[in-house]
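A quick write-up on the structure given underneath.
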Amino acid sequence: MNRVTVYALTIVVGLYVSAEYAEWPVNIWCLGLFAWLFNEAERKERIEMLTVLAFATPMELFFSEVWLIYEYQRGLMPLFVPVGHWFLFDAGRRLSQYLAADKAMLSLLPFVPLVAYGVWTGGDTSAVFLLVLVLVFTKWGPQPALYATMAWAALLMELWGTYLTNWTWANEVPWTGLTAWNPPLLVGAFYCLGDLLVNVSVQRFESNHRLEVNG
């Protein structure tokens with residue numbers, strides 16, 4: 001069974017079990033899977049995995065506990081969430097190999113009329129700004145196919161999670177005066193930002209490491 005299938009089953013089944021029964025079996029499975037993958041990974045991938053955790057954990061806590069743009073079903077962020085970011089990141093990276101970089105912007109076009117509808121109805125005015133972010137990442141970021149892929153992959157995952165009420169997004173975005181659907185249409189912008197930070201950080205770390213070794 002390939003990794004993308006394992007990640008997809010983990011997310012789909014895990015969110016259902018967490019929402020309908022309890023978090024603890026999902027925590028055990030996800031943390032165990034992450035630990036096994038970490039043990040099997042090569043050095044660079046281990047750095048990526050730890051970097052994802054380093055960014056995802058404080059970002060999730062800030063968004064849910066400080067900014068309050070969404071709220072988890074049982075209050076505090078579940079333990080499976082940070083490692084879940086790695087599963088989605090790695091799945092998106094592998095799937096993005098099937099999307100040509102020059103077709104990345106084209107794949108985002110279906111979002112445009114949906115964003116216009118959200119603004120026209122007033123239900124998701126934040127989508128305009130999030131769409132701009134995704135387009136900027138895809139146009140000028142180092143991995144355009146990844147960002148375009150993540151925009152869709154994150155939306156699918158968020159639709160499932162919000163449907164099960166694992167978490168709920170605020171209709172009024174605090175501090176901004178903007179509105180958002182549950183989930184926001186372009187929620188993938190947050191994931192694109194995280195992926196960009198991970199890619200840049202790992203690349204810089206690897207460059208510094210090579211300089212130190214050569215020096």
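Residues in the stretch 50-81 that are touching a strand residue (DSSP E or B) at 6+ places or on another chain (Cβ under 7 Å) and of a type outside the set (S, T, N, Q) were compared, and the one that is nearest to Leu178 (Cα to Cα) is Ile69. Residues in the stretch 18-36 that are assigned to a helix (DSSP H, G or I), surrounded by fewer than 16 Cβ atoms within 10 Å (Cβ to Cβ) and of a type in the set (A, V, I, L, M): Ile28, Leu31, Ala35. Checking the stated criteria, Met77 turns out to be part of a loop (DSSP other than H, G, I, E, B) and in contact with a Leu (Cβ under 8 Å, 6 or more places away or on another chain). Filtering the stretch 104-125 to residues that are touching a residue at least 40 places away in the same chain (Cβ under 8 Å), surrounded by 11 or more Cβ atoms within 10 Å (Cβ to Cβ) and over 21 Å from the mean Cα position of the chain (by Cα) leaves Gly118, Gly123. Condition check for Val198 on (1) surrounded by 20 or more Cβ atoms within 10 Å (Cβ to Cβ); (2) modelled with pLDDT of 95 or more; (3) touching a Ser or Thr at 6+ places or on another chain (Cβ under 7 Å): one failure, at (2). Within the stretch 126-144, the set of residues being touching a strand residue (DSSP E or B) at 6+ places or on another chain (Cβ under 8 Å) and either over 20 Å from Pro174 (Cα atoms) or of a type outside the set (Phe, Trp, Tyr) (or both) comprises Ser126 only. For the stretch 155-166, the condition of being touching a Cys at 6+ places or on another chain (Cβ under 8 Å) and assigned to a helix (DSSP H, G or I) holds for none of the residues. Considering the stretch 139-159, and only residues there that are free of Cβ contacts under 8 Å to residues at least 40 places away in the same chain and within 26 Å of Ile11 (Cβ to Cβ), the residue that is surrounded by the most Cβ atoms within 10 Å (Cβ to Cβ) turns out to be Glu158.
The values are calculated or read from the model by the stated rules, or taken from the named source; none is laboratory data. As the structure is a computational prediction, the values presented were derived from the model and not from experiment. Reconstructed Cβ throughout: ideal geometry from the backbone, glycine too, with neighbour counts over all protein chains shown.
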